[in-house]
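J.: Encoded as structure tokens, here's the structure I'll be asking about.
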Amino acid sequence: MAALVLVLGVGGYIAFDRARPYLHGSGCEVAVGESKMPLDLDQAANASTISAVAFRKQLPERAAVIAYATAIQESHIRNLPSGDRDSVGMFQQRPSQGWGTPAKLRDPVQSTSKFFDALVKVKDYLDRDVHDAAQRVQHSADGSAYAQHEPDGKLLAQVFTGRQAAGARCWYPPDKQTKSRRPDAIREMRRAFGPRLQVDGPGPLTAGAPSRPDSWNGVKVTNARAGWAVAAWAVTHAQVYGLKEVRYAGRHWQSDAGHDGWTADKNAPGDHVIIH
């Protein structure tokens, strides 16, 4: 009887261990202390893009907070194909109001860039209330609505601008993993963060180059904040581009165990974000 119980116990553990990656489904979470915010994979990828563009434009965290509050109110941080009248994209910008073509406004990098370009033209925008600054860009029917999203905007900004280390995690089951397209991921990352982002490592980087899943690339960073911003971008885009592992500053995230978040890795460097 004892042997039977042991066999059943071991068998049950093996079955659970194999099923565990499927039990959590797909999703992401950002966390700072006890404050947590769930996101789906698309929302998380869009959110990390907003801070990446702020990095490229060398804007302060406050600018990202305003952008997040706006995107939450306008689209729940989703890249919407349509909206009120001719509004499209994360910020529900209108081509008829001079924001650009629908195709450009459906591009998260370009629509975010256009938002920030308009925001920095608002006089003293950093000293204004979040909803006031956002409304002076958006000219919406009810500008006060942006105020309710300021706490979530601050949480997202802390994580995705890198002020909070290891604050973003994403997970998805094995059947949702995709073929490695790391060269494409690196090019998109540099499009969002800008050409100041230096990338090295043995993995190919040229357009159209085949990905080598057994290889890696390293993104050189000069400070921890930039490192965690890059790491968060990589984690939130991992499912789309088939990235398997992100390593930085003594921790790593793995797609096979994404729900576990960032775990210890004593060999993960502090001067490069390693992307497999």
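J.: Quick check on Ala147: is it open to solvent by 30 Å² or more (accessible area, probe 1.4 Å), in contact (Cβ under 8 Å) with a residue 40 or more places away in the chain and either part of a helix (DSSP H, G or I) or not charged (D, E, K, R) (or both)?
T.: yes
J.: Let me ask something else about it. Being closer than 28 Å to Ile77 by Cα and under 15 Å from the mean Cα position of the chain (by Cα): is that true of Ala226 here?
T.: So Ala226 fits the description; yes.
J.: Another question, then. For region 151-191, what are the residues that are of a type outside the set (Gly, Ala, Ser) and either on the phi > 0 side of the Ramachandran plot or outside any helix (DSSP H, G or I) (or both)?
T.: Thr161, Arg163, Gln164, Arg169, Cys170, Trp171, Tyr172, Pro173, Gln177, Thr178, Lys179, Arg181
J.: Here's a check for you: in region 242-276, which residue that is farther than 20 Å from Ile186 by Cα and part of a loop (DSSP other than H, G, I, E, B) is most open to solvent (accessible area, probe 1.4 Å)?
T.: Lys266
J.: Is at least one residue of region 218-232 of a type in the set (S, T, N, Q), out of contact with any Cys (no Cβ under 6 Å at 6 or more places or on another chain) and outside any loop (DSSP other than H, G, I, E, B)?
T.: No; the residues of region 218-232 include none that is of a type in the set (S, T, N, Q), out of contact with any Cys (no Cβ under 6 Å at 6 or more places or on another chain) and outside any loop (DSSP other than H, G, I, E, B).
J.: From the list Gly218, Gly201, Gly194, Gly208, pick out the single residue that is open to solvent by less than 30 Å² (accessible area, probe 1.4 Å) and on the phi > 0 side of the Ramachandran plot.
T.: Gly194
J.: From the list Gln158, Gln135, Gln164, exactly one residue is in contact with a helix residue (DSSP H, G or I) (Cβ under 8 Å, 6 or more places away or on another chain) and without any contact (Cβ under 8 Å) to a residue 60 or more places away in the chain. Which is it?
T.: None of the other options fit; the residue is Gln135.
J.: Out of Asp142, Asp152, report the one residue that is of a type in the set (D, E, K, R) and modelled with pLDDT under 95.
T.: Asp142
J.: For Gly12, state whether it is at pLDDT below 95 and part of a loop (DSSP other than H, G, I, E, B).
T.: no
J.: Could you pull out the residue among Arg106, Arg128, Arg94, Arg85 that is touching a Ser or Thr at 6+ places or on another chain (Cβ under 6 Å) and of a type in the set (D, E, K, R)?
T.: So the residue among Arg106, Arg128, Arg94, Arg85 that is touching a Ser or Thr at 6+ places or on another chain (Cβ under 6 Å) and of a type in the set (D, E, K, R) is Arg94.
J.: Moving on. Are any of the residues in region 90-101 closer than 25 Å to Glu188 by Cβ, surrounded by fewer than 24 Cβ atoms within 10 Å (Cβ to Cβ), β-branched (Val, Ile, Thr) and at pLDDT below 95?
T.: yes
J.: Considering only residues of region 64-86 that are out of contact with any helix residue (DSSP H, G or I) (no Cβ under 6 Å at 6 or more places or on another chain) and among the aliphatic types (A, V, I, L, M), which is most open to solvent (accessible area, probe 1.4 Å)?
T.: So, considering only residues that are out of contact with any helix residue (DSSP H, G or I) (no Cβ under 6 Å at 6 or more places or on another chain) and among the aliphatic types (A, V, I, L, M), the one most open to solvent (accessible area, probe 1.4 Å) is Leu80.
J.: Go through (1) over 29 Å from Ser35 (Cα atoms); (2) in contact with a His (Cβ under 7 Å, 6 or more places away or on another chain) for Ser144 and report which single condition fails.
T.: For Ser144, the exception is condition (1).
J.: Output yes when any residue across region 241-249 is over 11 Å from Gly162 (Cβ atoms), out of contact with any Lys or Arg (no Cβ under 7 Å at 6 or more places or on another chain) and not basic (Lys, Arg), and no when none is.
T.: Checking region 241-249: at least one residue is over 11 Å from Gly162 (Cβ atoms), out of contact with any Lys or Arg (no Cβ under 7 Å at 6 or more places or on another chain) and not basic (Lys, Arg).
The values are calculated or read from the model by the stated rules, or taken from the named source; none is laboratory data. Please read all numbers here as calculations on a predicted model, not as lab measurements. With ideal geometry, Cβ positions are generated from the backbone for all residues, glycine too; neighbour counts draw on all protein chains shown. Heavy atoms of the whole protein, side chains included, go into the accessibility calculation; ligands, DNA and RNA do not. Shrake-Rupley method; radii C 1.70, N 1.55, O 1.52, S 1.80 Å.
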